[in-house]
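The values are calculated or read from the model by the stated rules, or taken from the named source; none is laboratory data. The structure presented is a predicted model; accordingly, all values stated were derived computationally and were not measured. Heads up, the Cβs are rebuilt from the backbone with ideal geometry, glycines too, and the neighbour counts pull from every protein chain shown. All accessible areas refer to the heavy atoms of the entire protein, side chains included, with ligands and DNA or RNA removed. Shrake-Rupley method; radii C 1.70, N 1.55, O 1.52, S 1.80 Å.
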Amino acid sequence: MTYPPGIGATIPTSIGFRMNMHYLNTGATPIQGQDRITMSVARSGVVTMHAGTIFYQQISIQIPATGQPYTATASCNVAQDVNLLSADSHMHKRATAFVATASGQTLYQTNLWADPTLTVYTPPIHLASGTPITWSCTYVNETSSPLTFGESAASNVMCIYQGTFYPVADVNNPILNCAQ
(Lines give C-alpha, C1' and ligand atoms only; values in the text may rest on other atoms or scores of the structure.)
Protein backbone atom coordinates (compact mmCIF):
# COMPACT_ATOMS: atom_id res chain seq x y z
CA MET A 1 0.00 0.00 0.00
CA THR A 2 1.22 3.48 -0.80
CA TYR A 3 0.27 6.07 1.82
CA PRO A 4 -1.20 9.45 0.88
CA PRO A 5 1.24 12.42 0.85
CA GLY A 6 2.49 13.39 4.30
CA ILE A 7 1.64 10.03 5.91
CA GLY A 8 4.22 7.41 6.86
CA ALA A 9 4.49 4.49 9.27
CA THR A 10 6.88 4.37 12.19
CA ILE A 11 8.15 0.94 13.16
CA PRO A 12 9.40 1.23 16.75
CA THR A 13 12.33 -1.02 17.64
CA SER A 14 10.31 -2.28 20.62
CA ILE A 15 7.68 -3.69 18.25
CA GLY A 16 9.66 -4.49 15.11
CA PHE A 17 8.10 -5.66 11.88
CA ARG A 18 6.43 -9.03 11.40
CA MET A 19 4.93 -10.75 8.39
CA ASN A 20 2.60 -13.61 9.25
CA MET A 21 2.26 -15.80 6.18
CA HIS A 22 0.44 -19.13 5.90
CA TYR A 23 0.98 -21.66 3.15
CA LEU A 24 -1.14 -24.73 2.54
CA ASN A 25 0.40 -27.36 0.29
CA THR A 26 -2.42 -29.52 -1.02
CA GLY A 27 -0.10 -31.69 -3.13
CA ALA A 28 2.51 -34.35 -2.41
CA THR A 29 5.46 -32.37 -3.80
CA PRO A 30 7.16 -29.81 -1.53
CA ILE A 31 6.61 -26.18 -2.48
CA GLN A 32 8.58 -23.02 -1.72
CA GLY A 33 6.73 -19.89 -0.64
CA GLN A 34 8.05 -16.41 -1.23
CA ASP A 35 6.88 -13.00 -0.09
CA ARG A 36 8.30 -9.58 -0.74
CA ILE A 37 7.89 -6.19 0.87
CA THR A 38 9.51 -2.91 -0.06
CA MET A 39 9.94 -0.14 2.50
CA SER A 40 11.45 3.29 2.06
CA VAL A 41 12.82 5.70 4.63
CA ALA A 42 11.16 9.11 4.27
CA ARG A 43 13.24 12.24 3.95
CA SER A 44 13.21 14.49 7.00
CA GLY A 45 10.07 16.64 7.21
CA VAL A 46 8.08 14.67 4.61
CA VAL A 47 5.98 12.72 7.15
CA THR A 48 3.55 14.96 9.02
CA MET A 49 1.21 12.19 10.28
CA HIS A 50 1.90 8.58 11.19
CA ALA A 51 -0.03 5.53 10.04
CA GLY A 52 -0.82 2.59 12.29
CA THR A 53 -2.50 -0.79 12.21
CA ILE A 54 -5.80 -2.05 13.59
CA PHE A 55 -5.47 -5.74 14.45
CA TYR A 56 -8.68 -7.25 15.82
CA GLN A 57 -8.81 -11.03 16.28
CA GLN A 58 -11.15 -13.63 17.70
CA ILE A 59 -8.81 -15.84 19.73
CA SER A 60 -11.65 -17.63 21.52
CA ILE A 61 -13.32 -18.63 18.24
CA GLN A 62 -14.77 -22.14 18.20
CA ILE A 63 -16.62 -23.63 15.24
CA PRO A 64 -18.84 -26.63 16.09
CA ALA A 65 -18.64 -29.81 14.01
CA THR A 66 -22.13 -29.60 12.51
CA GLY A 67 -21.36 -29.45 8.79
CA GLN A 68 -23.58 -26.35 8.67
CA PRO A 69 -22.56 -22.68 8.29
CA TYR A 70 -21.68 -21.14 11.65
CA THR A 71 -20.91 -17.44 12.10
CA ALA A 72 -18.58 -16.20 14.84
CA THR A 73 -18.87 -12.48 15.61
CA ALA A 74 -16.91 -10.07 17.81
CA SER A 75 -16.84 -6.33 18.36
CA CYS A 76 -14.20 -3.90 19.67
CA ASN A 77 -14.26 -0.13 20.03
CA VAL A 78 -11.58 1.95 18.36
CA ALA A 79 -9.44 3.52 21.08
CA GLN A 80 -8.95 6.86 19.31
CA ASP A 81 -10.25 8.84 16.35
CA VAL A 82 -9.05 7.14 13.17
CA ASN A 83 -9.11 7.72 9.44
CA LEU A 84 -9.16 4.28 7.80
CA LEU A 85 -6.89 4.01 4.78
CA SER A 86 -7.42 0.31 4.06
CA ALA A 87 -8.81 -2.97 5.37
CA ASP A 88 -8.62 -6.69 4.77
CA SER A 89 -9.30 -9.97 6.53
CA HIS A 90 -7.57 -13.16 7.54
CA MET A 91 -9.38 -16.51 7.70
CA HIS A 92 -8.54 -20.18 7.22
CA LYS A 93 -9.53 -22.95 4.80
CA ARG A 94 -13.11 -23.73 5.86
CA ALA A 95 -14.20 -20.06 5.87
CA THR A 96 -16.97 -19.06 3.50
CA ALA A 97 -17.57 -15.38 4.37
CA PHE A 98 -16.15 -12.38 6.22
CA VAL A 99 -17.79 -9.04 6.97
CA ALA A 100 -16.70 -6.04 9.06
CA THR A 101 -18.94 -3.08 9.85
CA ALA A 102 -18.93 0.15 11.84
CA SER A 103 -21.95 2.39 12.49
CA GLY A 104 -24.04 0.44 10.00
CA GLN A 105 -21.44 0.83 7.21
CA THR A 106 -19.72 -2.17 5.67
CA LEU A 107 -15.97 -1.67 5.99
CA TYR A 108 -14.87 -4.92 4.39
CA GLN A 109 -16.50 -8.02 2.93
CA THR A 110 -15.15 -11.10 1.16
CA ASN A 111 -15.85 -14.75 0.49
CA LEU A 112 -12.14 -15.52 -0.03
CA TRP A 113 -10.22 -17.20 2.78
CA ALA A 114 -7.01 -17.27 0.72
CA ASP A 115 -5.59 -14.07 -0.76
CA PRO A 116 -8.40 -11.64 0.10
CA THR A 117 -8.17 -8.36 -1.78
CA LEU A 118 -7.06 -5.26 0.12
CA THR A 119 -9.69 -2.52 0.09
CA VAL A 120 -8.24 1.01 -0.07
CA TYR A 121 -10.51 3.86 1.01
CA THR A 122 -10.36 7.03 -1.07
CA PRO A 123 -11.19 9.19 0.73
CA PRO A 124 -10.35 7.60 4.10
CA ILE A 125 -13.25 6.61 6.36
CA HIS A 126 -13.38 8.55 9.64
CA LEU A 127 -14.35 6.67 12.81
CA ALA A 128 -14.65 8.53 16.11
CA SER A 129 -13.04 7.18 19.26
CA GLY A 130 -15.31 4.58 20.86
CA THR A 131 -16.92 3.49 17.59
CA PRO A 132 -17.37 -0.29 17.60
CA ILE A 133 -16.02 -2.32 14.71
CA THR A 134 -17.89 -5.62 14.43
CA TRP A 135 -16.42 -8.45 12.37
CA SER A 136 -17.74 -11.91 11.58
CA CYS A 137 -16.48 -15.06 9.92
CA THR A 138 -18.69 -17.86 8.65
CA TYR A 139 -17.20 -21.35 8.63
CA VAL A 140 -18.46 -24.81 7.70
CA ASN A 141 -16.88 -27.48 9.89
CA GLU A 142 -17.32 -30.91 8.34
CA THR A 143 -14.82 -32.59 10.66
CA SER A 144 -15.73 -34.64 13.72
CA SER A 145 -14.33 -32.13 16.25
CA PRO A 146 -14.80 -28.42 16.98
CA LEU A 147 -12.29 -26.15 15.21
CA THR A 148 -10.42 -23.64 17.37
CA PHE A 149 -8.04 -20.70 16.89
CA GLY A 150 -4.59 -21.75 15.71
CA GLU A 151 -1.85 -21.45 13.14
CA SER A 152 -2.80 -24.29 10.77
CA ALA A 153 -4.89 -23.13 7.82
CA ALA A 154 -5.93 -26.77 7.35
CA SER A 155 -6.95 -27.75 10.89
CA ASN A 156 -7.58 -24.48 12.79
CA VAL A 157 -9.59 -21.30 12.30
CA MET A 158 -8.86 -17.58 12.51
CA CYS A 159 -11.09 -14.53 12.16
CA ILE A 160 -9.06 -11.33 11.94
CA TYR A 161 -9.95 -7.80 10.84
CA GLN A 162 -6.95 -5.70 9.82
CA GLY A 163 -6.91 -2.04 8.93
CA THR A 164 -4.46 0.76 8.30
CA PHE A 165 -5.27 4.16 9.78
CA TYR A 166 -3.91 7.60 10.60
CA PRO A 167 -3.10 9.57 12.69
CA VAL A 168 -1.40 7.46 15.32
CA ALA A 169 -1.86 8.89 18.84
CA ASP A 170 1.36 7.27 20.16
CA VAL A 171 4.15 6.63 17.62
CA ASN A 172 5.77 4.24 20.11
CA ASN A 173 2.62 2.08 20.00
CA PRO A 174 1.09 2.33 16.49
CA ILE A 175 -1.09 -0.79 16.79
CA LEU A 176 -4.68 -0.84 17.99
CA ASN A 177 -5.10 -4.42 19.23
CA CYS A 178 -8.18 -6.25 20.34
CA ALA A 179 -8.32 -9.97 21.13
CA GLN A 180 -11.60 -11.61 22.10
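With +1 on the Cβ of every Lys and Arg and -1 on the Cβ of every Asp and Glu, and nothing else charged, how large is the dipole of the chain about its Cα centre, in debye rounded to the nearest 20?
In total the dipole reaches around 140 debye.
Please work out the C-alpha center-to-center distance from segment 1-67 to segment 139-160 and express it in whole Å.
21 Å
Amide H neighbours of TYR108 under 5 Å, counting only residues 5+ apart in sequence or on other chains, H built in-plane at 1.01 Å?
When sequence neighbours closer than 5 places are left aside, the close amide H contacts are ALA100.
How would segment 1-122 be classified by its alpha-carbon gyration tensor: rounded, prolate or oblate, with rounded meaning a/c under 1.5 and the a/b versus b/c comparison settling the rest?
Oblate, since a/c reaches 1.5 and b/c is not below a/b.
Given a 1.4 angstrom probe, I'd like the percentage of the accessible area of segment 41-180 that is carbon and sulfur, rounded to a whole number.
Carbon and sulfur together cover 50 percent of it.
Along the Cα→Cβ direction, 7 angstrom out, place labels at MET21 and GLU151. What is the inter-label distance in nm?
Distance between the two pseudo-spin positions: 1.5 nm.
I need the peptides 92-102, 149-159 ranked by packing, meaning the mean over residues of other C-beta atoms within 10 angstrom, with the highest value on top.
92-102, 149-159
From the C-alpha gyration tensor of segment 43-106, pull out the three semi-axes of the equivalent ellipsoid (sqrt of 5λ each), sorted largest to smallest, in whole Å.
Sorted largest first and rounded, they come to 33, 13, 11 Å.
State the three equivalent ellipsoid semi-axes of segment 54-180, derived from the C-alpha gyration tensor as the square roots of 5 times its eigenvalues, in descending order and whole Å.
Value: 27, 14, 12 Å, ordered largest first.
Could you give me the ³J(HN,Hα) list for segment 48-55, computed from phi with Karplus coefficients 6.51, -1.76, 1.60 and θ = phi - 60°, whole Hz, x at Gly and Pro?
10, 9, 9, 9, x, 10, 9, 9
Taking the alpha carbon gyration tensor of segment 1-42, what are the square roots of 5 times its eigenvalues, largest first, to the nearest whole Å?
32, 13, 8
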